[in-house]
Amino acid sequence: MKKTIVLNFKGLQSWGESSKKITRDTIEFPTLSGVVGILQSACGVYEENNDPLWEKITNIQMSILIVNPGLKQVDYQTAANAVKMDCSASKDTVVSYRYFLTDAHFLIAITANQNLIEIIAAGLKCPKNMLYMGRKAFPLNFDFFMGVHDGGNAEKILLNLLKNNGGKTNHTYYLVEESITNEVHSMILWDKPLRNKKFAPRKIIKRGVLCS
């Protein structure tokens with residue numbers, strides 16, 4: 001039986017997908033690797049311990065309702081031994097530009113079998129580690145957990161929750177989810193976690209949905 005957890009991410013966030021050098025970008029919504037990392041951290045699951053739960057959590061289904069995309073901003077930090085564009089290490093301290101989102105708001109549906117959802121929900125209610133949205137300076141908001149819901153219809157669950165929590169009716173929002181066909185997709189993201197800090201691509205579709 002499928003169950004769905006809904007998470008509520010609000011405020012400062014940074015979701016890197018491919019930036020590894022001096023400039024650290026963010027995409028416009030949470031990545032699968034970022035959300036999976038939050039779930040694994042909450043449950044105290046680590047790749048190096050060869051816990052089978054690590055693999056199971058990486059295979060969740062995720063859908064994202066963009067309530068407010070926020071604004072993309074940039075700050076900078078100084079960094080030593082930074083990797084330059086030619087992949088060499090800088091001998092000097094350099095300025096590293098770090099992008100992030102302000103005032104962003106996302107509802108995230110995590111769908112899996114009932115047993116796995118119950119384990120993840122227990123971890124989120126009493127996390128074993130600090131949880132943050134891409135940077136340690138961006139902790140999760142206190143009301144991030146919006147419960148466990150029956151079924152796996154993420155679109156219906158997210159829109160009903162939004163409507164019941166002050167969302168605009170007769171308004172079109174964007175829903176981001178993995179494409180179920182090989183042909184139709186809006187973008188490709190390299191954000192599915194694999195072992196040894198590697199990532200696999202996912203075909204993503206972003207489409208408008210009406211909150212009626």
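The values are calculated or read from the model by the stated rules, or taken from the named source; none is laboratory data. Here the structure is a predicted model, which is why all the values come from computation and not from measurement. Positions of Cβ are backbone-derived with ideal geometry, glycine not excepted, and every protein chain shown enters the neighbour counts.
Restricting attention to segment 65-84, does a residue exist that is under 22 Å from PRO201 (Cα atoms), surrounded by 12 or more Cβ atoms within 10 Å (Cβ to Cβ), at pLDDT 90 or above and among the hydrophobic types (A, V, I, L, M, F, W, C)? Yes, some residue in segment 65-84 is under 22 Å from PRO201 (Cα atoms), surrounded by 12 or more Cβ atoms within 10 Å (Cβ to Cβ), at pLDDT 90 or above and among the hydrophobic types (A, V, I, L, M, F, W, C). Going by the structure shown, is ARG135 modelled with pLDDT under 95 and touching an Asp or Glu at 6+ places or on another chain (Cβ under 9 Å)? So ARG135 does not fit the description; no. If only residues of segment 196-208 that are without any contact (Cβ under 8 Å) to a residue 24 or more places away in the chain and in a strand (DSSP E or B) are counted, the one that is surrounded by the most Cβ atoms within 10 Å (Cβ to Cβ) is ALA200. How many residues, within segment 144-195, are touching a residue at least 60 places away in the same chain (Cβ under 8 Å), part of a loop (DSSP other than H, G, I, E, B) and exposed (fewer than 12 other Cβ atoms within 10 Å of the Cβ)? The qualifying residues number 1.
Among residues of segment 145-174 being modelled with pLDDT of 95 or more and small (Gly, Ala, Ser), the one that is nearest to ASN115 (Cα to Cα) is GLY151. Of all the listed residues (LEU32, LEU7, LEU53, LEU71), the sole one being of a type in the set (A, V, I, L, M, F, W, C) and touching a Lys or Arg at 6+ places or on another chain (Cβ under 6 Å) is LEU32.
Going by what's in this entry, would VAL35 be described as buried (at least 21 other Cβ atoms within 10 Å of the Cβ) and in a strand (DSSP E or B)? No, not satisfied. Looking at segment 109-124, can you tell me whether even one residue there is free of Cβ contacts under 8 Å to residues at least 24 places away in the same chain, in contact with a strand residue (DSSP E or B) (Cβ under 6 Å, 6 or more places away or on another chain) and either on the phi < 0 side of the Ramachandran plot or of a type outside the set (Gly, Ala, Ser) (or both)? Looking through segment 109-124, none of the residues is free of Cβ contacts under 8 Å to residues at least 24 places away in the same chain, in contact with a strand residue (DSSP E or B) (Cβ under 6 Å, 6 or more places away or on another chain) and either on the phi < 0 side of the Ramachandran plot or of a type outside the set (Gly, Ala, Ser) (or both).
Against the numbered list (1) of a type outside the set (Lys, Arg); (2) out of contact with any helix residue (DSSP H, G or I) (no Cβ under 8 Å at 6 or more places or on another chain); (3) within 21 Å of PRO139 (Cα to Cα); (4) modelled with pLDDT of 95 or more, ASN113 comes up short only at (3). Only one of the numbered conditions (1) closer than 17 Å to LEU32 by Cα; (2) modelled with pLDDT of 95 or more; (3) outside any strand (DSSP E or B) is not met by PRO127, and that is (1).
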